[in-house]
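Below is one structure, written out as structure tokens; comments come after it.
The values are calculated or read from the model by the stated rules, or taken from the named source; none is laboratory data. No experiment lies behind these values; they were computed from the predicted model shown. We place every Cβ from the backbone using ideal geometry, glycine too, and count neighbours over all the protein chains shown. Ligands, DNA and RNA are excluded from the accessible area calculation, which covers all protein heavy atoms including side chains. Shrake-Rupley method; radii C 1.70, N 1.55, O 1.52, S 1.80 Å.
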Amino acid sequence: MKQLYLLFMLSFNPGFSTAGYSNNDISLIPQPVSVVRTPGYYTLPGNLNIQVNTYDPQVKSVAQMFLSRVKGTTGYNGAIKILTSAPAAITFHLKASELKNLGNEGYRLNVTAKGIRIIAAKPSGIFYAVQTLLQLFPPEIESRELIAGKKWLIPFVEIFDKPRFAWRGLMLDVSRHFFNTAEVKRFIDDMAAYKFNLLHLHLTDDDGWRIEIKSYP
């Protein structure tokens, strides 16, 4: 009876894997449509090159954003290479033929011993794939300061994801509380990290409208 109970509990444990490997080291918000974990980790190299298969300025902007975000914490060097076949740690692949499968905001993210590969039909899919990739990093990546001597390991994983809902909004109440520009920008950054795509600003309640007045700080 005890053996039967143990088998029952293991079969409903989300961290249990009959393949001898679990997803316990993967925690993503929101949960992607599909996550397949395989044994092993990719070690992020100090030469953090990103290969991009398109001249699309939005994709290049996402690549630059990601490089700046990671370099500030890891201290690694990096460059963006457009339409080259040279080896790169990360590949951004814009593939219009995937539009039917991925939609405007979907993506495929693969991490293997060869590196990190992102495929999307639209630049917005590349952007959201990068948000997922950052969550796969060790938690220290959230630091806004340089962390020296850290080994940056990313689990081998294959992820397919696209949103269920087109409208994914979050409200910031600036009617009852004043927020400065930096605070609003940080709020938007946090929204993007969790794949919200619409900012709702609650600007006024009756006669209340919160604006900055230098003489009344």
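Please go through the stretch 162-217 and pick out each residue that is part of a strand (DSSP E or B) and either among the small types (Gly, Ala, Ser) or in contact with a helix residue (DSSP H, G or I) (Cβ under 7 Å, 6 or more places away or on another chain) (or both). Quick ask: steps written out before the conclusion?
Narrowing the stretch 162-217 to residues part of a strand (DSSP E or B): 169-173, 198-202, 204-205, 208-209.
If the condition is that a residue be part of a strand (DSSP E or B) and either among the small types (Gly, Ala, Ser) or in contact with a helix residue (DSSP H, G or I) (Cβ under 7 Å, 6 or more places away or on another chain) (or both), then GLY169, LEU170, LEU172, LEU199, GLY208 are the ones that fit.
Under 9 Å by Cβ, and 6 or more places apart or on different chains, what pairs join a residue from the stretch 159-181 that is on the phi < 0 side of the Ramachandran plot with one that is in a loop (DSSP other than H, G, I, E, B) and of a type in the set (S, T, N, Q)?
ASP161/GLN31; LYS162/ASN104; PRO163/ASN197; ALA166/ASN104; ALA166/ASN197; TRP167/ASN197; ARG168/ASN197; GLY169/ASN197
What single numbered condition from (1) open to solvent by 40 Å² or more (accessible area, probe 1.4 Å); (2) of a type outside the set (Val, Ile, Thr); (3) over 20 Å from LYS95 (Cα atoms) fails to hold for PRO138?
PRO138 satisfies every listed condition except (1).
I need the full set of residues from the stretch 144-161 which are in contact with a helix residue (DSSP H, G or I) (Cβ under 8 Å, 6 or more places away or on another chain) and under 20 Å from PRO45 (Cβ atoms), in order please.
Matches in the stretch 144-161: LEU146, ILE147, LYS150, TRP152, ILE154, PRO155, VAL157.
When you go through VAL62, VAL52 one by one, which is the residue that is in contact with a Phe, Trp or Tyr (Cβ under 6 Å, 6 or more places away or on another chain), farther than 26 Å from ALA166 by Cβ and touching a residue at least 24 places away in the same chain (Cβ under 8 Å)?
VAL52
Just to be sure before I move on: is ILE80 open to solvent by 40 Å² or more (accessible area, probe 1.4 Å) and touching a helix residue (DSSP H, G or I) at 6+ places or on another chain (Cβ under 7 Å) in the structure I sent?
Answer is yes for this residue.
Determine the pairs where a residue that is closer than 16 Å to LYS195 by Cβ and among the acidic types (Asp, Glu), located within the stretch 111-126, has a partner that is open to solvent by 10 Å² or more (accessible area, probe 1.4 Å) and not in a helix (DSSP H, G or I) with Cβ atoms under 8 Å apart, the partner being 6 or more residues away or on another chain.
If the second residue must be open to solvent by 10 Å² or more (accessible area, probe 1.4 Å) and not in a helix (DSSP H, G or I), no pairs are left.
Failed condition for THR181, given (1) β-branched (Val, Ile, Thr); (2) under 18 Å from the mean Cα position of the chain (by Cα); (3) loosely packed, with under 11 Cβ neighbours inside 10 Å, with all others met?
(2)
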